[in-house]
1. Scan B:Glu361, B:Glu316 and give me the residue that is away from every other protein chain (no Cβ under 14 Å), among the acidic types (Asp, Glu) and away from ligand 2 (no atom under 16 Å from the Cβ).
2. Of the residues A:Asn195, A:Asn183, only one is among the polar types (S, T, N, Q), away from ligand 1 (no atom under 16 Å from the Cβ) and open to solvent by less than 50 Å² (accessible area, probe 1.4 Å); which?
3. Quick one: which of A:Glu153, A:Glu148 is open to solvent by 60 Å² or more (accessible area, probe 1.4 Å) and more than 16 Å from ligand 2 (Cβ to nearest atom)?
4. List every residue pair whose Cβ atoms lie under 6 Å apart, where the two residues are 6 or more positions apart in sequence or sit on different chains, the first residue falls within region A:163-180 and is more than 22 Å from A:Ala208 (Cα to Cα), and the second residue, located anywhere, is away from ligand 2 (no atom under 16 Å from the Cβ) and among the acidic types (Asp, Glu).
5. Any residue in region A:89-108 that's more than 7 Å from every other protein chain (Cβ to nearest Cβ): show its pairings with residues that are assigned to a strand (DSSP E or B) and within 16 Å of ligand 1 (Cβ to nearest atom) at Cβ separation under 8 Å, as long as the two are six or more apart or on different chains.
6. So is A:Ala160 within 19 Å of A:Arg141 (Cβ to Cβ), away from ligand 1 (no atom under 16 Å from the Cβ) and in contact (Cβ under 8 Å) with a residue 24 or more places away in the chain or not?
7. For B:Arg100, are the conditions met, namely being within 30 Å of B:Ala165 (Cβ to Cβ) and either crowded, with 19+ Cβ neighbours inside 10 Å or over 35 Å from the mean Cα position of the chain (by Cα) (or both)?
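The values are calculated or read from the model by the stated rules, or taken from the named source; none is laboratory data. What you see is a predicted model, and the numbers here were worked out from it, not measured in a lab. Here Cβ is always computed from backbone atoms with ideal geometry, including for glycine, and neighbour counts include all displayed protein chains. Please note that ligands, DNA and RNA were not included when accessible areas were found on the heavy atoms of the full protein model with its side chains. Shrake-Rupley method; radii C 1.70, N 1.55, O 1.52, S 1.80 Å.
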Amino acid sequence: MSTEQTLAVETRDLACTYMSGATSVAALDGVTLTVRRGEFVAVMGPSGSGKSTLLNVIAGLERPTSGWVRVDGEDLAALDEAGLAGHRSKRVGMVFQAFNLLPRYRVVDNVALPLIFAGVPRAERTARARALLDRLGMSSRAEHRTNELSGGELQRAAIARALVGGPAILLADEPTGNLDSANGAALIALLDELNRGGQTVLLVTHDASIARHAGRIMHLRDGKVLD
Amino acid sequence: MRLGDLAAMSLGNYARSRLRSALTTAGVAIGTALVVLLIALATGAENNVRRSIFSIGDLRLVTVQPFQPGANGLSAVPRTIDDGVVSQFRKIGHVAGVYRQFDAPLGQVVEGGDDAAIRPQGIEPNAPIDRGDLLAGRHLALGDRGVAVIPGNIARLVAPNVTAAIGKLVTLRIGGAVRLGSTRVGGSGTPRDYPVTIVGVFDEAASQTSVRIPLEDALVAGADNRGLTADSLRQQTGYSGIAIEADDSTNVAEIVRSVQELGYSSFSLKQVVEQIDQGFGVFRGILAGIGGVALLVAAIGIANTMVMSVLERTREIGILKAVGAAPGDVRALFLAEAAYVGIVGGVLGLLLGYLGGQVIERIIRELNPRTNPAPIFVVGPDLVLGALGLAILVALVAGFLPARRAMRMSALSALRYE
Ligand SMILES: Nc1ncnc2c1ncn2[C@@H]1O[C@H](COP(=O)(O)OP(=O)(O)O)[C@@H](O)[C@H]1O
Ligand SMILES: [Mg+2]
């Protein structure tokens, strides 16, 4: 019980196999790992090693072929589609390489978006989104459309959106992939700062200079964790 | 997801692609307008016909004539209605009243001169026949003898005005030749005179020749004319007709059947109305079908637009799902968007159909000022709610498959979609 409460993520023998035509690809091949609360873990590995698949499984966007995963003590296998949606809106926050913001909404509305599906009333949504943007130094951008923002700002907005639901873990899939080195460094500094504020972070990257900032680095290759 | 957020978010989606939403909505509006216009036309026509029927008489009434229906329905054989038959009529279920009528031979109100030709009808008090509106005096009452209720035109021949005719003693000459309009009718038997007191005058709009006298007086006059006693007249000639009143108009068909089983032909407005109703049901169905085809075309338009919009917003669907939208939320968003097309299109269509009807009606009256003043297009609350409901239903049905497609989309493949 006490370990469960200190673990943000726990996976056991996770496997995820894709069938493409006659051949099958094992994107994950027996991944067992734990992420404790408050940790900043980087998952490193070359392209195609299964990093995104791992994050997607933890986020509940993908179901593993075998093995299990617990996030914040909750076994994802026990959740149906609606349950997984709730999991994504409350327990995890996801940041993508491609930002994935909605261009027709203002930044503040993008940040507040997950709270709509968690049933939070409008006034509270906006207040929480604004507070978060403020904390990330983005309050001057709150009313802008996303096409008026720079890449670094877009990714900050995406991080704000990932954090707005107060997730147990922040999942970032190559968040610096579309940023120049200065903006990339600033973003990593932000993740570092969030982690020092207590936020659990699981970062995926193929860049060693970025992984270096994490408290712990895990290496993934061909769907397996290397020791 | 809260209902308010669902409504606001899908309204945003609906309003975003303005031209496309406008065109799709216009399709629904035109379909709805056509349904409204055509059903309003059918309702107007039906109301008109019903109104004229109800003005003819009571729907609870079954009239029995002294005939037996012929084998081919056209020929009819005379058949006496005597007191025995009347008592059989009284025993039929759901009969509230049986009223006998005997028409005495044609005659004349002597004081009124040649123009005062009359058809004396012997009726029972409270008989449910069209007695016209009373202009003065009263109708026949129980126990009356030697009295008459006459039409206004005849009253004015025997007195300066209808009120002055009340209480006046006049002579009914029954039998023999009379002049009806410009023709002389030979008449039957030898004329005889009967003194009667005028107790009532009715509006001649109902009849210019009918004079209502007590049934017993008419029987005596009829018997005198043929040299019979009143009792043998009842048995041999029988009554001219019987009015049977049902306790409720829904039981009229049953009474008609019983009367026919007893071997008499009968007539009831109720049955005419039922046939007219059936006819209008078909008429309305055809018109609604024509409007329905227009709505169907609109539905295809909605489905097409929704499929396009689901495709176009694939990535957005992926994002919504990734940040926590449940499959039901995604479906609800698209269904609500379709519902907006139905609601806006339905309301516009209602307005369009209603105003269109008004314009057409005005044009018709302009072209032909003598058109029946009753409304041609009738839009009742049923039609308003029904048309609106239909538009929304059509939109939801059309949006169902695209919405399901959006719901079932995998978040990850949607996110990869360019
Ligand atoms: N939906 C999919 N269908 C088929 N193969 C997939 C799918 N997703 C990932 N893969 C394969 O799984 C492996 C791991 O992919 P991924 O997790 O995206 O790697 P990474 O993020 O480390 O680059 C790759 O070989 C990739 O081609
Ligand atoms: Mg990847």
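1. Details: B:Glu316 fails: away from every other protein chain (no Cβ under 14 Å).
Only one candidate passes the filter, namely B:Glu361.
2. Values: A:Asn183 fails: open to solvent by less than 50 Å² (accessible area, probe 1.4 Å).
Selected residue: A:Asn195, the only one of A:Asn195, A:Asn183 that is among the polar types (S, T, N, Q), away from ligand 1 (no atom under 16 Å from the Cβ) and open to solvent by less than 50 Å² (accessible area, probe 1.4 Å).
3. Values: A:Glu153 fails: open to solvent by 60 Å² or more (accessible area, probe 1.4 Å).
Checking each option against the conditions leaves just A:Glu148.
4. Close Cβ pairs satisfying both conditions: A:Ala168/A:Asp72.
5. Taking only residues 6 or more apart or on different chains, the pairs are A:Val92/A:Leu171; A:Gly93/A:Leu171; A:Val95/A:Leu171; A:Val95/A:Ala172; A:Val95/A:Asp173; A:Phe96/A:Asp173; A:Gln97/A:Asp173.
6. Numbers: within 19 Å of A:Arg141 (Cβ to Cβ): yes; away from ligand 1 (no atom under 16 Å from the Cβ): yes; in contact (Cβ under 8 Å) with a residue 24 or more places away in the chain: yes.
Considered against the rule, which asks whether it is within 19 Å of A:Arg141 (Cβ to Cβ), away from ligand 1 (no atom under 16 Å from the Cβ) and in contact (Cβ under 8 Å) with a residue 24 or more places away in the chain, A:Ala160 comes out as yes.
7. Values: within 30 Å of B:Ala165 (Cβ to Cβ): yes; either crowded, with 19+ Cβ neighbours inside 10 Å or over 35 Å from the mean Cα position of the chain (by Cα) (or both): yes.
For B:Arg100, the condition - within 30 Å of B:Ala165 (Cβ to Cβ) and either crowded, with 19+ Cβ neighbours inside 10 Å or over 35 Å from the mean Cα position of the chain (by Cα) (or both) - is met.
Okay, residues lined up against (1) outside any strand (DSSP E or B); (2) at pLDDT below 85; (3) farther than 18 Å from B:Glu124 by Cβ:
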{"residue": "B:Leu228", "(1), (2), (3)": "yes, no, yes"}
{"residue": "B:Ser232", "(1), (2), (3)": "yes, no, yes"}
{"residue": "B:Gly238", "(1), (2), (3)": "yes, no, no"}
{"residue": "B:Ile242", "(1), (2), (3)": "no, no, no"}
{"residue": "B:Thr250", "(1), (2), (3)": "yes, yes, yes"}
{"residue": "B:Arg257", "(1), (2), (3)": "yes, no, yes"}
{"residue": "B:Gln271", "(1), (2), (3)": "yes, yes, yes"}
{"residue": "B:Asp277", "(1), (2), (3)": "yes, yes, yes"}
